[in-house]
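Presented below is the structure to which this report refers.
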Amino acid sequence: MSDQARPRLSCEWLHACAGCEMALLNCGDRLLGLLDRVSIVHFPLLMDHKYGDRAGAGFDLPRAEIGLVSGGVASREQLALLRTMRESCKTLVAFGTCATHGGIPALRNQWTVDQTLRTVFPEDEGECSSAFDGSSFLDRVYGIDEQVAVDLFLPGCPPRPETIVGVIEALLAGEQPQLTEKSVCEHCPTIRTGKGQRTVRRFLANAEYDPGEPIGSMRCLLEQGLLCMGPVTVGGCGGGETPLCIRARVPCRGCYGPVRRNGNQLLDMLNALASNGIDHRAIVDRRSLLRFSGAHGLLKPPEKRR
Ligand code: SF4
Ligand code: SF4
Ligand code: SF4
């Protein structure tokens, strides 16, 4: 197929770390196969082309059948870029948990812009603090669906490489990509007895397991008192098999975001702890349960919490 005849793929990053793009590049042979079928027209990680006036005169992005946007929206420039992506892409995919739920950068939402800047650039460091007056920042970090219409949500920090390619292949075939709606727990083979340890153990405490035994012989980490967010996190990281962190015998930290797209991992986790007989008062910082999903107004500065 000639380059012009291929469907076009556009990829843009906002308040992001490039991990989602690296995951796409990490797809190996399947990515090479995909390159025969799509024409990548915009991908800042790979292509150095000029696409806009950074002073605010607007962006000029090529039209594309599929648009991937990673990262949440934290600044006016990112908002303008996102709107341009929406206008230029037929199908817009929220690519990764920062885009779907704010991700780690949305931890900023616990503070005002002023508080954040004063913390990151204390006044005694002069130059930096005066360079950032805060006017380019939005009041908080937004998931991209809070600002534009989104056609598909692909969570993960980052999403699994095979899943990313599978989603693009399905869209190219005109099909609806199939993503799991089950929780991490539903993919986890550990043993559950229904009786949890009453207090939460420190994160760095080791799980109890026999390294010579398969994962399926290990007792559920949550029942061991470790703060495993598997019950309140959507699955997919293990590709339908044992979730990645559980394979390493460490608790799920919630990086795929809530099971229901509009769910609240903090509230859902407090419920999960209660139903496992675990005392939630042992959690030092409850807001950390929203470490991957603090957009959509769930994490707020102190004056808005009351
Ligand atoms: S979802 Fe994770 S990997 Fe992707 S941009 Fe955000 S922090 Fe990076
Ligand atoms: S809470 Fe964690 S260890 Fe227990 S079943 Fe769920 S994912 Fe597995
Ligand atoms: S187990 Fe949880 S934290 Fe670990 S990769 Fe999977 S979803 Fe993310």
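The values are calculated or read from the model by the stated rules, or taken from the named source; none is laboratory data. From a predicted model like this one, the values you see are computed outputs, not experimental measurements. A quick note on method: Cβ atoms are made from the backbone with ideal geometry, for glycine too, and the neighbour counts reach across all protein chains shown.
Brief remarks on what is shown
- The set of residues in the stretch 244-256 that are crowded, with 18+ Cβ neighbours inside 10 Å and away from ligand 1 (no atom under 16 Å from the Cβ) comprises 246, 251.
- Among the residues of the stretch 228-241, those identified as more than 9 Å from ligand 2 (Cβ to nearest atom) and either farther than 23 Å from residue 71 by Cα or more than 26 Å from the chain's Cα centre (by Cα) (or both) are 240, 241.
- Some residue of the stretch 250-268 being at pLDDT below 90, in contact with a His (Cβ under 8 Å, 6 or more places away or on another chain), outside the structural domain of residue 72 (by TED's automatic domain parsing) and closer than 17 Å to residue 104 by Cα: no
- For the stretch 223-244, a residue qualifies if it is among the polar types (S, T, N, Q) and within 26 Å of residue 284 (Cβ to Cβ), and the qualifying residues are 224, 233.
- Enumeration of residues in the stretch 167-181 that are assigned to a helix (DSSP H, G or I) and either touching a Leu at 6+ places or on another chain (Cβ under 9 Å) or within 15 Å of ligand 3 (Cβ to nearest atom) (or both): 167, 168, 169, 171, 172
- Pair list, Cβ under 6 Å, 6 or more apart: the stretch 109-121 residue assigned by TED's automatic domain parsing to the domain that holds residue 142, other residue crowded, with 17+ Cβ neighbours inside 10 Å and part of a helix (DSSP H, G or I): 116/108
- Being within 12 Å of ligand 1 (Cβ to nearest atom) and among the aromatic types (Phe, Trp, Tyr) is a condition met by no residue of the stretch 47-63.
- Scanning the stretch 221-249 for residues that are in contact with a Ser or Thr (Cβ under 8 Å, 6 or more places away or on another chain), modelled with pLDDT of 95 or more and of a type in the set (A, V, I, L, M, F, W, C) gives 232, 234, 246.
- The selection criterion, being exposed (fewer than 15 other Cβ atoms within 10 Å of the Cβ), more than 13 Å from residue 230 (Cβ to Cβ) and in the same structural domain as residue 209 (by TED's automatic domain parsing), holds for residue 277.
- Cβ pairs under 9 Å, 6+ apart, first in the stretch 173-187 and farther than 30 Å from residue 273 by Cβ, second within 16 Å of ligand 2 (Cβ to nearest atom) and modelled with pLDDT under 95: none
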